[in-house]
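A.B. asks: I am attaching a structure below and will ask some questions about it afterwards.
The values are calculated or read from the model by the stated rules, or taken from the named source; none is laboratory data. Because the structure is predicted, anything quoted here is derived from the model rather than measured. Neighbour counts are summed over all protein chains in view; Cβ atoms, including those assigned to glycine, are modelled from backbone coordinates with ideal geometry.
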Amino acid sequence: MQNVGTWNSDLAIIFFMCLISPIVFYFIGAMFQNMSSEQLQDNPNEENLTPPQQTPTSVNISVSIPDLFKGSSSTGKSIKKTKHSTKPKKKKRSPDNTKPLTDEAVVSDVVSGLCHMGYKKGEATKIVKSISDKKEYNSAESLLKDCFMCIS
């Protein structure tokens, strides 16, 4: 009885031979070539069948290019200098030494609360900073309530 869905062993051997035979033939050919070159080197009385090594000839090529830019510099290249316009640099604002209206602990509590409710930290920080700069808040609840009023 023959198994269904599996390879017959004859097909596996044929597939393996087709896959491996080029590699085997390459190494066998290299081995015979190596052996034949050793035999030629071992028999100094026989003529060497390889032609003598010749060095390649070298050729020097020189080309003169005419000066197409008459009246310019001696090398034939013209250099143009361009002035790049520079924008005035922005002056850094000096940090305000004024104390923020709302305590930093209250602000961080509200930002943390908004983050836990699903808002991104950057969005929450923008909203809380914009609201807390306008009015003084003593509790996180009142600031959070105004944040929700601003969001909706």
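A.B. asks: I'd like to check something: does region 27-35 contain any residue that is out of contact with any Phe, Trp or Tyr (no Cβ under 9 Å at 6 or more places or on another chain), at pLDDT 70 or above, in a helix (DSSP H, G or I) and among the aromatic types (Phe, Trp, Tyr)?
C.D. replies: Yes; the residues of region 27-35 include at least one that is out of contact with any Phe, Trp or Tyr (no Cβ under 9 Å at 6 or more places or on another chain), at pLDDT 70 or above, in a helix (DSSP H, G or I) and among the aromatic types (Phe, Trp, Tyr).
A.B. asks: Quick check: is even one residue across region 55-78 under 30 Å from GLU38 (Cβ atoms) and either surrounded by fewer than 10 Cβ atoms within 10 Å (Cβ to Cβ) or at pLDDT below 70 (or both)?
C.D. replies: The initial filter retains those residues of region 55-78 that are under 30 Å from GLU38 (Cβ atoms), namely 55-56.
Within this subset, residues satisfying the condition of being either surrounded by fewer than 10 Cβ atoms within 10 Å (Cβ to Cβ) or at pLDDT below 70 (or both) are 55-56.
Yes, the conditions are met somewhere in region 55-78.
A.B. asks: List pairs: first residue in region 8-28 and surrounded by 10 or more Cβ atoms within 10 Å (Cβ to Cβ), second residue in a helix (DSSP H, G or I) and of a type in the set (A, V, I, L, M, F, W, C) anywhere in the structure, Cβ distance under 7 angstrom, at least six positions apart or on different chains.
C.D. replies: The qualifying pairs do not exist here.
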